[in-house]
Amino acid sequence: MVKRKKYILFPKLHLKHLLFLFFFIISFIKKGTQIYFEKNQRIAIEFSKLYMYDKGDMFTIIPYLIMKKRIKSLIIDKSDSINDSYMEYIYNRPEANIYNRPAFRKVFLLSIINIIAQIAPVIYFVAKDEQKIDVNQGKLNSVLIFNIFAILIFSIFILHTKFYKHHLFAILIDIFCLIILTIIDMKKIIDEGDNITMPIIYIFVRIFSVILYSLENVLAKIIFLYNYMSTYILLLNKSIFQFFYLMLFSFPFIFIKLDDKDGESKLVFSMIADIFEDKIYIYIVIVYTITSFFYNNLHLIIIDVFSPNHFVISRIFEFFGIFIID
């Protein structure tokens, strides 16, 4: 009997592939809550989102403590057959001591990259509001292409991913799509405003942030591979670092007044307090913080189980969900 050759191969599905489905669902819910933010684009909302992201990451302490308790129970159950030194090794490995120098440097660098990517758009919004310029801050299609391109480049030079001809072909396609989508995005944003400079700066700020996030994803994979750090520990420690960064970043705004939507000069934190006068915002903040917790955890788990390049697939699903909502 002659066997037929297979020209299209589909890998066998496993439970871990459900991570992509869960990520799509969470990103869909997160985008739904962001609709409120996009309809009420104010600098106070951009500041409060920074704290929502960090609070969501801090909630990672819950699954971390659960994981730690389960490992401890497992060790106690098997204490008769395992010696003390080996038990200590199993117990400590999932936590990957953050205080050893190599791990500390990498987590510190990753947290710096992440906070710069987060505050860059906020600084832009402050400058834009000061100049009283309206800019269409909608979805940019070109951002995803930059994400794919940056992940590929960083994977090659940092993770030492092997470079084949089909990678070169993919890069050429990315560049071609990149040029077209960037032109479309620039035209869409510029056509809706009288000022050209700020919309162009907005596009570059978004691209800059996406490149930094791509670098963060590759660095996270290195931490998982060589420092044996769990996703929970990485996210928890990153949130601690970023809490102090946010304190430093927010400190000047205790004294600097900005114009709110009515043109009245106020402190940022007074603007945030005004937002909470609308009771629905309290529920939106709770939902957004919880979805950020699941979003960021699934994000790192996909990178840990698969790779940064696979996370780009999740991003494509996310953009598909945004397309459905739009």
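The values are calculated or read from the model by the stated rules, or taken from the named source; none is laboratory data. All figures in this text were calculated on a predicted structure; none of them were measured in a lab. Here the Cβ is made from the backbone with ideal geometry for all residues, glycine too, and neighbour counts use every protein chain on show.
Table for the structure above
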{"read-out": "Qualifying residue in segment 76-97 (condition: at pLDDT 75 or above and either assigned to a loop (DSSP other than H, G, I, E, B) or closer than 23 Å to Ile301 by Cβ (or both))", "value": "no"}
{"read-out": "Answer residue from segment 223-262, given it is part of a loop (DSSP other than H, G, I, E, B) and not charged (D, E, K, R) and is farthest from Ile123 (Cα to Cα) among those", "value": "Tyr228"}
{"read-out": "Failed criterion for Tyr232 (all others in (1) surrounded by fewer than 20 Cβ atoms within 10 Å (Cβ to Cβ); (2) touching a residue at least 24 places away in the same chain (Cβ under 8 Å) hold)", "value": "(1)"}
{"read-out": "Sole residue being in contact with a Lys or Arg (Cβ under 9 Å, 6 or more places away or on another chain), of a type outside the set (A, V, I, L, M) and under 20 Å from Ile145 (Cβ atoms), chosen from Phe293, Phe323, Phe317", "value": "Phe323"}
{"read-out": "Residue count, segment 307-326 (criterion: assigned to a helix (DSSP H, G or I) and more than 12 Å from Val218 (Cα to Cα))", "value": "13"}
